[in-house]
Structures are given as structure tokens and as C-alpha cells.
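Just below is one structure, and these are the notes that go with it.
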Amino acid sequence: MKTAVEWFVEEMFNQGYLNDKPLTVNNIEYFVKQAKEMEKNNTDNKVIHFAEWLTKKHTSTLITLYEHFEEQYYNETFKSE
């Protein structure tokens with residue numbers, strides 16, 4: 001997976017901006033916006049993959065934690081009424 005910076009440099013080179021093609025503020029803003037979106041997506045994907053890994057590796061621990069959460073939530077929500 002490419003980083004946003006790698007994509008940015010590659011795209012600038014592929015479109016000729018690092019050679020002789022004139023570079024404008026609009027071009028830079030466009031590429032920066034695309035790179036930021038790519039970085040956000042990479043971060044989101046990393047979080048999703050971590051959650052998938054954690055779920056597969058630690059299922060019994062997650063079940064135990066959920067049971068504690070459920071019990072505490074029930075007690076805080078319904079026992080005080």
C-alpha cells in the first residue's frame with residue numbers, strides 16, 4: 001500500500017509536474033486534497049484491520065469484557081430506577 005506522500009510524488013511525476021509542466025496553486029491544492037483523503041482512508045483501513053485481527057486473536061477476552069460491560073450498563077441504566 002502506498003503512503004499518501006508516495007502517491008503524491010508519483011502522481012506529480014506521472015503528470016509531468018516534476019519535469020517541465022507548469023505547476024499552479026490549483027494543481028497543488030488538488031493533489032494535496034487527494035493525498036489527505038488517501039491518508040484518511042489508509043488510517044480508517046488500519047483501524048478496521050486492527051479490529052478484525054483483535055477479534056480473531058482475542059475472542060474469549062472480548063466476550064468477557066462485553067459481559068462485564070453489559071452487566072455494568074444494566075446496573076447503571078436499570079437498577080437506579
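Karplus-derived 3J(HN,Hα) values for region 44-51, using 6.51 cos²θ - 1.76 cosθ + 1.60 with θ = phi - 60°, are 4, 5, 4, 5, 4, 5, 4, 4 Hz; glycine and proline are entered as x.
Rounded to the nearest 500, the helix-only mean residue ellipticity at 222 nm of the chain stands at -27500 deg cm²/dmol, with each DSSP H run of n ≥ 4 adding -39,500 (n - 2.57). The angle between the Cα long axis of helix 59-78 and the main principal axis of the chain comes to about 70°, on a 0 to 90 degree scale. Here the Karplus curve 6.51 cos²θ - 1.76 cosθ + 1.60, taken at θ = phi - 60°, turns the phi angles of region 17-29 into couplings of 6, 8, 9, 10, 6, x, 9, 10, 4, 4, 4, 4, 4 Hz, with x standing for Gly and Pro.
Over all pairs of different C-alpha atoms in region 4-78, the reciprocal of the mean inverse distance, the Kirkwood hydrodynamic radius, equals 16.2 Å.
Only lysines eight or more places from LYS46 in sequence, or on another chain, were considered; those with a Cα closer than 19 Å are LYS2, LYS36, LYS56, LYS57.
Any read-out appearing in this document is the output of simple, stated calculations on the displayed coordinates, not a laboratory observation. Remember, it's a predicted structure, so these values are computed and weren't measured experimentally.
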